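Q: This is the structure I want to talk about, given as structure tokens.
The values are calculated or read from the model by the stated rules, or taken from the named source; none is laboratory data. Quick caveat, the model's predicted, so the values are computed rather than measured. Positions of Cβ are backbone-derived with ideal geometry, glycine not excepted, and every protein chain shown enters the neighbour counts.
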Amino acid sequence: MRVRFAPSPTGHLHVGNARTALFNWLLARGSGGTFILRIEDTDRERSTSASEQAILEDLEWLGLEWDEGPGVGGDRGPYRQSERLDIYRAQADRLLAEGRAYYCFCPEAQLKAEREAALAAGEAPKYSGRCRSLSPSEVAARRSRGEPAAVRFRVPEGGDVAFLDGVRGLVSFPRATIGDFVLLRSDGNPAYNFAVVVDDALMEVTQVVRGEDHISNTPRQVLLYEALGYRAPRFAHVALVMGPDHTPLSKRHGATSVAEFRARGYLPEALLNYLALIGWSPGGDQEVLPIDELARRFRLEDVGRSAGVFDEEKLAWVNRHYMRLAGASRLARLAAPFLRAEGIVVTEPDAGGWAYLESVVVMASDSVDRLADIPGRLRFLFSYDAARALARPEVQAIVNEDGAREVVRCLAHELAASERLTSREAFRAAADRVKRETGRKGKALFHPIRVALTGEAGGPELDHAVPAIDLGAQLPAGSGLSPVVGCRERVQLFLEALDRA
Ligand code: GLU
């Protein structure tokens, strides 16, 4: 099986297109086939190399590596349409010579006016056929005068054009609805339908999987395969990815591009797994499965005909699962750019810095959906400000409770005399001593301890948070992380601020 993904580099990689790429990739990987990447950049005005670069990076980030295509090569290249103009020209000349295509001299302004008139009359626009039967001598004369000319396909008359779609079954269109369409524009650039057929044929693509928005193009493409004498691939048109309101997922719904989801801190394997679930189900009761297993199970016949809704809640659920699976070391490395953006990671961490990050990132990831939420959960470690903490109403409420100040004072006294609390046991022992001294227990004990040491009324369990603070305080300068103020110093600062308040 030879499949392809053929993005136009005119913007970001939309998650709907990423899902198309994924379906193709799953088919190739599940069948020992070949996954081709082709860049459809014949729209010279809208295509940019920056967009191409970004799309390639997004595919790489997702792990959808291609077997043939830009950067990889292959026997049937080039894989960028802008580098294949001679090929399209030669194929168009063949159709011209056989009378299956003809030169069209109609000026763009005239065509546009005709299109608009048809639309205004409530009709589907269709080329009039004005240049269909120009005499060869007239064509030759106008060509030799250098008059701009497009090449149009002569749509054979009568009957229907039909194809069997892998998702939608038999699809059929009356030929009469298809006007003679452009193959090559007057500037020599191919039109989409022509380039895609020439490329799919010469690249020996056996199965085309693409979005349903292309289904009305397919009859034109089927006619072109017939005219060019190539065997058409099998086609499958998958329903588009929708927003919650059942209109195609767009900016109005929020994030739409792979890059945006990446920036929000979703793991590539989570996004891939989730995208596979839109409009398809791996069967059984498990939805979260390793990519190889998805490839093993994926079958086009099981892709639903109805549109799937993109549900970020569910993506977040899948992401939590993969964050738990990721392991401390990978999680820390994935979180590092987000921590850097928040000033928590300052320079490349040294071994001690990484070890510390690994321990705290795991603590934070238990309670977040995405990597981007991790810095917020760790902020208490790297920025401690007693006065600002005390300005918070929820902290105020805690310190104003009966006996709370006594707990803080006693804790300050305890910590001044003890080793740093670098383990849960050390913390528990210190808390026990404060409990014995003050006679406070439960919330009356732990709430004041929490606000004094973390500056916040909520957060990770103290059993984890307190050792994290004091382990951080022991990191030497040069670990690459923003400095952490230790518990001993924190409670002292808190007490001073409390006395001032
Ligand atoms: N370049 C087209 C697109 O981005 C590809 C369509 C196709 O797969 O044939 O939609």
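Q: Among the residues of region 1-23 satisfying the criterion of being among the small types (Gly, Ala, Ser) and either near the ligand (Cβ under 8 Å from one of its atoms) or not in a helix (DSSP H, G or I) (or both), which is nearest to residue 255 (Cα to Cα)?
A: Looking at the filtered set, the residue picked out is 11.
Q: Hey, residue 99 hits all of (1) within 21 Å of residue 221 (Cβ to Cβ); (2) of a type in the set (Gly, Ala, Ser); (3) under 26 Å from the mean Cα position of the chain (by Cα); (4) surrounded by fewer than 22 Cβ atoms within 10 Å (Cβ to Cβ) but one; which does it fall short on?
A: Just one mismatch for residue 99, condition (3).
Q: Here is a follow-up. Name the helices (runs of 4 or more DSSP H) wholly inside region 431-501 in which the number of residues that are within 19 Å of residue 358 (Cβ to Cβ) and within 47 Å of the chain's Cα centre (by Cα) is 2 or more.
A: Fully inside region 431-501 and qualifying: 462-473.
Q: Also, I was wondering about something else. Go through region 205-222 and give me each residue that's assigned to a helix (DSSP H, G or I), near the ligand (Cβ under 10 Å from one of its atoms) and under 16 Å from residue 181 (Cα atoms).
A: Matches in region 205-222: 214, 218, 221.
Q: Considering only residues of region 244-262 that are touching a residue at least 24 places away in the same chain (Cβ under 8 Å) and in a helix (DSSP H, G or I), which is nearest to residue 15 (Cα to Cα)?
A: 258
Q: What single numbered condition from (1) in contact with a strand residue (DSSP E or B) (Cβ under 6 Å, 6 or more places away or on another chain); (2) assigned to a loop (DSSP other than H, G, I, E, B) fails to hold for residue 46?
A: With respect to (1) in contact with a strand residue (DSSP E or B) (Cβ under 6 Å, 6 or more places away or on another chain); (2) assigned to a loop (DSSP other than H, G, I, E, B), residue 46 is out only on (1).
Q: I need every pair where a residue in region 4-26 that is under 12 Å from residue 48 (Cα atoms) has its Cβ under 6 Å from the Cβ of a residue that is part of a loop (DSSP other than H, G, I, E, B) and near the ligand (Cβ under 8 Å from one of its atoms), sequence separation at least 6 or different chains.
A: 8/40
Q: Further, regarding this structure: Which numbered condition in (1) surrounded by fewer than 19 Cβ atoms within 10 Å (Cβ to Cβ); (2) within 14 Å of the ligand (Cβ to nearest atom) is the only one that residue 55 fails?
A: Residue 55 satisfies all of (1) surrounded by fewer than 19 Cβ atoms within 10 Å (Cβ to Cβ); (2) within 14 Å of the ligand (Cβ to nearest atom) except (1).
Q: Among residues belonging to region 68-93 that are acidic (Asp, Glu) and surrounded by fewer than 16 Cβ atoms within 10 Å (Cβ to Cβ), point out the one that is nearest to residue 13 (Cα to Cα).
A: Only one residue fits best here, namely 83.
Q: Answer yes or no as to whether residue 198 is part of a loop (DSSP other than H, G, I, E, B), more than 9 Å from the ligand (Cβ to nearest atom) and either under 20 Å from residue 35 (Cα atoms) or free of Cβ contacts under 8 Å to residues at least 24 places away in the same chain (or both).
A: no
Q: Counting only residues that are touching a residue at least 24 places away in the same chain (Cβ under 8 Å), of a type outside the set (Gly, Ala, Ser) and not in a loop (DSSP other than H, G, I, E, B), how many does region 116-174 have?
A: Final tally of qualifying residues: 12.
Q: In region 58-67, which residues are surrounded by 19 or more Cβ atoms within 10 Å (Cβ to Cβ) and under 11 Å from the mean Cα position of the chain (by Cα)?
A: Across region 58-67, the qualifying residues are 58, 59, 62.
Q: Considering only region 277-314, state which residues are modelled with pLDDT of 95 or more and of a type in the set (Gly, Ala, Ser).
A: Within region 277-314, just 295 meets the criteria.
Q: Where residues in region 234-258 are touching a helix residue (DSSP H, G or I) at 6+ places or on another chain (Cβ under 6 Å) and modelled with pLDDT of 95 or more, which of them is farthest from the ligand (Cβ to nearest atom)?
A: The extreme case among them is 258.
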